[in-house]
1. Could you tell me whether residue 82 is outside the structural domain of residue 282 (by TED's automatic domain parsing), crowded, with 23+ Cβ neighbours inside 10 Å and farther than 25 Å from residue 277 by Cα?
2. From the list 60, 89, 116, which one is out of contact with any helix residue (DSSP H, G or I) (no Cβ under 8 Å at 6 or more places or on another chain) and buried (at least 24 other Cβ atoms within 10 Å of the Cβ)?
3. Test residue 185 against the criterion of being surrounded by fewer than 24 Cβ atoms within 10 Å (Cβ to Cβ), in a strand (DSSP E or B) and either within 20 Å of the chain's Cα centre (by Cα) or at positive phi (or both), and give yes or no.
4. Output the residues belonging to the stretch 188-213 that are in a helix (DSSP H, G or I) and over 20 Å from residue 6 (Cα atoms).
5. Of all residues in the stretch 113-145, which are in contact with a strand residue (DSSP E or B) (Cβ under 6 Å, 6 or more places away or on another chain) and not in a helix (DSSP H, G or I)?
6. Condition test on residue 23, is it without any contact (Cβ under 8 Å) to a residue 24 or more places away in the chain and not assigned by TED's automatic domain parsing to the domain that holds residue 222?
7. Name the one entry in 246, 270, 257, 251 that is without any contact (Cβ under 8 Å) to a residue 60 or more places away in the chain and farther than 25 Å from residue 215 by Cα.
8. Any chance the stretch 65-74 includes a residue that's touching a residue at least 40 places away in the same chain (Cβ under 8 Å), surrounded by fewer than 20 Cβ atoms within 10 Å (Cβ to Cβ) and touching a helix residue (DSSP H, G or I) at 6+ places or on another chain (Cβ under 7 Å)?
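The values are calculated or read from the model by the stated rules, or taken from the named source; none is laboratory data. The model shown is predicted, which means the values in this text are computed figures rather than measured ones. Glycine also receives a Cβ, built like all others from the backbone with ideal geometry; neighbour counts cover every protein chain displayed.
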């Protein structure tokens, strides 16, 4: 059974496995440095649908079906699905997954959702309550722009600190077959709000939450950055990644040698005009559920921290002048090879 370590971290004694995973992306993502690692990409970002929102739902449909197929698990053996996205009432998830006939628990962690769904899936499997769970999330550049900023037709200018919402979905099947990769520890983050109000500078808003959760994890497990092959943050982008390192250095924690950020990995920042990098629920999800989990499965990576970050805001709170509370959840994933 799982047991608590320190104040915030849970050690999973039965080592839940990620038995299958898949990443599905759009055209811009396919043209980036990681394009060859994605399971499926689309030239048409509408995916043949009549709206951006329906297209995002289709991304989840494609990702979950691919992950199930790759896992070799029957749908009837999956007990719960944890899913969420950025849209109101998580409609990308509910409409994209409604035909699965699997008990559904909708999640909202903003861009931290992939880590949140993995955290809950692993706890359910480790406890024996579930045989298998699905963790999935998505985002779509056009649906996110319409909800959080301006419709594309508006032609608004993006600031240098702005990030590009990834069009993609990542899905993982968590079970108990004991094969690599396994989930070793999880740490749920606390809401951190340092008063950032600029919705075009999510990196600055989310970096303090990432620093807080990472410090909690190191303290709880009595480990340090050098114990891990990779510390992979969600989508802090260029601005947030620098701020994270600065914040940790104040506590004598140095991560520059093994830190990478999904928002900086998924695009070529110089040639693809994404300003400060990638963002969105799909950003960390597709990076994790492609190149990273493959490297863990093959033993190229042995012990990593996946730390997805999210800005817990809404269009309404922004319009009312509220600050941007943020969260970061941590998953410690290991290879058994």
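1. So residue 82 passes the test.
2. 116
3. For residue 185, the condition - surrounded by fewer than 24 Cβ atoms within 10 Å (Cβ to Cβ), in a strand (DSSP E or B) and either within 20 Å of the chain's Cα centre (by Cα) or at positive phi (or both) - is met.
4. 202, 203, 204, 205, 206, 207, 208
5. 130, 132, 133, 134, 135, 136, 137, 138, 139
6. Judged against the criteria, residue 23 is not a match.
7. It is 270.
8. Looking for residues that are touching a residue at least 40 places away in the same chain (Cβ under 8 Å), surrounded by fewer than 20 Cβ atoms within 10 Å (Cβ to Cβ) and touching a helix residue (DSSP H, G or I) at 6+ places or on another chain (Cβ under 7 Å), one finds none in the stretch 65-74, hence no.
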